[in-house]
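Encoded as C-alpha cells, the structure appears first; notes follow it.
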Amino acid sequence: MTQQKITLFDNKRIILGVTGSIAAYKAVDLASKLTQAGAKVDVLMTAAAQKFVTPLAFQSVTGRPVYTDMWQADSSGGLPTHIAHVGLAEGADVLLIAPCTANTLAKIAHGLADDLLSLTTLAARCPLVIAPAMDGGMYESEVTQFNLRVVKGRGVQVIEPDEGRFASGLVGKGRLPETPTLIGHLRRVLGRGGTLNGRKIVVTAGGTREAIDPVRYISNRSSGKQGYALAQAALDAGAKTVVLISAAQHLPAPVGATVVPVSSAAEMLYAVLEHIASADALLMAAAVADFTPEHVAAQKIKKSDAPNDAPTLALTRTPDILLVVKKRRADTGFPRVVVGFAAESHNLLANARAKLERKGLHLMVANDITAEDAGFEVDTNRVVLLDAAGGQESLDLMSKAAVGEMIVRRVAALLAPPTQKE
Ligand code: CTP
C-alpha cells in the first residue's frame, strides 16, 4: 500500500536509527513510508543491524546516504568523519530508534557512546523516540525496565512494544509495532506546540446503528473516514486530548486519540454530553440516525410460513445531539466551539445555513452527497465551509485528511484569543 503525503512530515528531517533485531526488516518499510509521506529520512545503522538488513535496502527506499561508521569516509554518508556524529543530528526534527535493542537502550540510558548511533543520540538536541524490540523475556527483565525508567525520566518517548510470538517461538511482550503505529507516534511528537496546543477536542464519527432486534439494525452509509481524519488532524495540530466518539467499524484508531465506541444515537448523545463538559471544541462529523425503532425486539424476529408476514417497523425520533449541545453550551459555556456537518442531496447551501443557525454552530461543513467522488465511503471530499458570520468558503476536491486539516485550521482560529488592537 502506498502512503499518502502527510502535511506534518513535509520537509521534516527524521533520523532513523536501526539496531540489531530481526525487526530491522520492518524498519525498511517504515523508512519507505516516511519518505513517501514527505519526510527526509537519514538512516543510521549499527553493526548488528547490518547483519539483518543491508544499508543498500534503506538507501534504495530513502534515496539518501545511509550512515554506518563514523571513522570511514565512505560510510559516514559524505559527512567529514570527525563530525559525523554531531553533524547528523544537527537540524533534525526527531530521532527515532526503531527497532531499539536492549543493548542500545542500555547505552542510551547510561550515556555510552561507542558507535555512530549512540554518539549521535548523545549529541542530538531534537526529541528522541525509541521503539524497543527484543525477544523472550528481555523486555520484561528488571534491568531493561530500569533502563526504560531512566530514559523516560529524561524525556525520551518510549513506544510500547506489542505482545505476540517472537522469532524464537517464545510468546511475550517485545515485538516492534507495525509501521502505521510507529508513524502515529512520530506524528504526536512532531505535532507538539501546534495550533491546538493544550486543547481538548471531541470528534464524533460514523453512522449510528439503531437496533431492530438482537441481530438487525438500521444504519446509513457513513464510513467514519472524515471523522477519523479530523481526529488525526487535531492530533497533528498538537491537541492535548482528542476524544473520538465512534460509531464507525473497522477503522484503525489514530495514535493518541481516546476512542469511545458507541452504537446508537442515544449512546452517542450520552457520550458527547460526558466528554464536552470541559472541551474546547466539538466536531460533529457523525451521521446520526434521525429515527429509531420504537420497540427493540428482545428475540430475533422470525419469519413464519405465511408469505406476507413482514413486520411493520414503527419508528420514533432520536434526540438531536447538536440541539442538546446548544442548550448545554448556553448553560455552561462548553464546548467553546461547535462544528456541524450537513449531508445534503439538494439545496446544499440554503439547507446547510439553515441548520447552522438552528443548531447554533460556529462552522458548518456542507457536503453534497450526490457527488460520486465526495461524501460517503470514498477517501476524497468536496465541501463548503459556512461560518456563523455569514462567510462561505468552497474547497476543491481533496483528501479527507486535507479537509480535516482545513477544518482544524478554522477551529484553531476560532479558539485563538482575539489579537489585541494597537
Ligand atoms: N445531528 C445530530 N443529531 C441528530 C442528527 C444530526 O447532532 N439526531 C448532527 C449531525 O452530526 C450533523 C448535523 O447534525 O453534524 C446535521 O446532520 P444532518 O443529518 O445533515 O441533518 P439533520 O439535522 O439530521 O436534518 P435532515 O436529516 O432533516 O437533513
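The values are calculated or read from the model by the stated rules, or taken from the named source; none is laboratory data. Only a predicted model underlies this, so the values are computations on that prediction, with no experimental measurement involved. We place every Cβ from the backbone using ideal geometry, glycine too, and count neighbours over all the protein chains shown.
Listed by first and then second residue, the pairs with beta-carbon distance under 7 Å, at least 6 apart or on different chains, first residue in the range 266-288 and under 29 Å from ILE369 (Cα atoms) and free of Cβ contacts under 8 Å to residues at least 60 places away in the same chain, second within 8 Å of the ligand (Cβ to nearest atom) and part of a loop (DSSP other than H, G, I, E, B), are ALA266/THR318; ALA266/PRO319; LEU269/PRO319. For the range 67-110, a tally of residues being farther than 22 Å from VAL189 by Cβ, touching a Leu at 6+ places or on another chain (Cβ under 9 Å) and at pLDDT 95 or above returns 1. If you go through the range 286-309 and pick out every residue that is charged (D, E, K, R) and either surrounded by 13 or more Cβ atoms within 10 Å (Cβ to Cβ) or on the phi > 0 side of the Ramachandran plot (or both), you end up with 1. Among the residues of the range 213-229, those that are outside any strand (DSSP E or B) and in contact with an Asp or Glu (Cβ under 9 Å, 6 or more places away or on another chain) comprise SER219, ARG221, SER222, SER223, LYS225, ALA229. Picking from residues in the range 310-328 that are away from the ligand (no atom under 12 Å from the Cβ) and among the hydrophobic types (A, V, I, L, M, F, W, C), the one that is surrounded by the most Cβ atoms within 10 Å (Cβ to Cβ) is LEU313.
Condition check ((1) out of contact with any Gly (no Cβ under 7 Å at 6 or more places or on another chain); (2) within 11 Å of the ligand (Cβ to nearest atom); (3) polar (S, T, N, Q)) across all residues:
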{"residue": "ASP305", "(1), (2), (3)": "yes, no, no"}
{"residue": "GLY333", "(1), (2), (3)": "yes, no, no"}
{"residue": "ASN351", "(1), (2), (3)": "yes, yes, yes"}
{"residue": "GLU357", "(1), (2), (3)": "yes, no, no"}
{"residue": "MET364", "(1), (2), (3)": "no, yes, no"}
{"residue": "ALA371", "(1), (2), (3)": "yes, no, no"}
{"residue": "ALA374", "(1), (2), (3)": "yes, no, no"}
{"residue": "ARG382", "(1), (2), (3)": "yes, no, no"}
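Pairs linking a residue in the range 19-46 that is farther than 17 Å from CYS100 by Cβ and assigned by TED's automatic domain parsing to the domain that holds THR68 to a residue that is hydrophobic (A, V, I, L, M, F, W, C) and assigned to a loop (DSSP other than H, G, I, E, B), with Cβ atoms under 7 Å and 6 or more positions apart or on different chains, are ALA37/ILE6; GLY38/ILE6.
Considering (1) of a type in the set (A, V, I, L, M); (2) within 9 Å of the ligand (Cβ to nearest atom); (3) assigned to a loop (DSSP other than H, G, I, E, B), the lone condition that ALA343 does not fulfil carries the number (3). Scanning the range 196-212 for residues that are part of a strand (DSSP E or B) and either among the aromatic types (Phe, Trp, Tyr) or over 16 Å from the mean Cα position of the chain (by Cα) (or both) gives GLY207, GLU210, ALA211. The number of residues in the range 252-264 that are in contact (Cβ under 8 Å) with a residue 40 or more places away in the chain and more than 10 Å from the chain's Cα centre (by Cα) comes to 3.
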